[in-house]
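To keep things clear, I will list the structure first and then write my remarks on it.
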Amino acid sequence: MHVDMDAFYASVELRQRPELRGRPVIVGGSHRGVVLSATYEARALGVRSGMSSSQARRLAPDATFLSPDFESYAAVSRSIAAVFRTVSATVEAASIDEAFLDLTGSVRMFGPPAGIGERIRAVVADEQDITCSVGIGPSKFVAKVASRAAKPDGLVEVPPGRVVDFLHPLPVEAMWGVGPSTARRLHGLGLASVGDLAHTPVGTLRQAFGPHAGRMLHELAWGRDRRRVVPMEPERSVGSQETLGRDTDDPAVVRRELLRMADRTAGRMRKAGLAGRTVSVALRFADFSELSRSATLPMATDVTEEIYAAALALYERLGLESARIRRIGVRVESIIEARQVYRQPQLTDPEHGWLEADQAVDAAVRKFGPRAVQRLALTRRE
């Protein structure tokens, strides 16, 4: 089974803004950058994820642009993953808003696959107030293509004996893994449908796409996919990044945004009960070139000030003077559970330090909301 949330980021935002339902809404790219998600009303106007904000505004001038709230998306994603685990012990997260489930051991307990899919859709809609689309098939590939066919807010099951009947009438663009470039090359060979692709000699496809890709395209066109559902592993890193409102070469602005990203990252780590030793800084410049640096701390941490200090030191060692920066990110890796961290006390330690301050802020935020307590340095933005 492949479960895919419908316009995930936008759907989560509409829970807080129900008055926007039925209207074109775009998440991300309010001032610059790219579209992260769009409602189906915006998609009907041609807006797509990954599109530049300027292009999206031309296509949908009356759309409402919303800033993303990644903490909310991550929280909803975790809750949905918990729903998946109630019906299958083998769940593979494909991204924050989609997952594969192996139902081999589930049908005896929960009944036919379609019933399990409808159960998941009902629980997600009831608990999270968002919709999802479900595809069911004998392989990951077929299930993924089926979930696309089910969008939005539907379910498509493809029994093993109906795979060819389902796949072959579809356009080649419907295949998982066939993007615009590959589709153009397939059209150049006169192949418009999956059936056309399936009946093309493997040698022809190998010559056009290479030995591996050619064979894979042929196999998938017949619905043959031997990949198994791989259970989810614990998160190995936590990070935050943000595109600035405008490019900057002001070190004060960069320092403030590094603090903002360190604060956001550390907060997510504490919420998840994680700590990490390796801090990395990623910068994207005005010319879209990128640079990253990392450093390993003596012990794992989830303290904002410690993560920020490491990130700031990495930035200052770069010696950037006039380079204009477009995007800033801070990530923590080498993740372990926070309860496993032993902090060696020092005689010079104050009775209450930054860790206790962070914990107090977290408690206030949980009780009174995300803006209950804020660092003074972060209350102003350029």
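Here, each number is a calculation from the coordinates, and none is a lab measurement. Remember, it's a predicted structure, so these values are computed and weren't measured experimentally. So basically every Cβ, Gly included, is an ideal-geometry build from the backbone, and we count neighbours across all protein chains shown.
What the table shows:
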quantity	calculated
Residues H218, H2 arranged by fewest to most Cβ contacts within 10 Å	H218, H2
Between the range 12-88 and the range 157-200, the Cα center-to-center distance that results, in Å	29 Å
Degrees between helix 70-85 axis and first principal axis of the chain (Cα, 0 to 90, nearest 10)	50 degrees
Taking D247, D6, D302 and counting other C-beta atoms within 10 Å, the order from fewest to most	D247, D6, D302
Rounded to 5, the percent of DSSP beta bridges in the chain classed as antiparallel	85 percent
Cβ-derived FRET efficiency at R0 41 Å, S95 paired with D62, nearest 0.05	0.90
Residue exposure sequence - M216, M5 - by fewest surrounding Cβ within 10 Å	M216, M5
Ordering of 253-261, 153-161 by packing [mean C-beta count within 10 Å, highest first]	253-261, 153-161
Packing-based ranking, highest mean first, of 323-332, 92-101, 187-196 given that Cβ atoms within 10 Å are counted	323-332, 92-101, 187-196
Estimated distance in nm for a label pair at R148 and V230, the labels positioned 7 Å out from Cα along Cα-to-Cβ	2.1 nm
Over the chain - Rg/Rh using Cα atoms and the Kirkwood inverse-distance radius	1.01
Extended-chain gain in nm, criterion 0.36 nm per residue less alpha-carbon gap, R108 and S292	61.3 nm
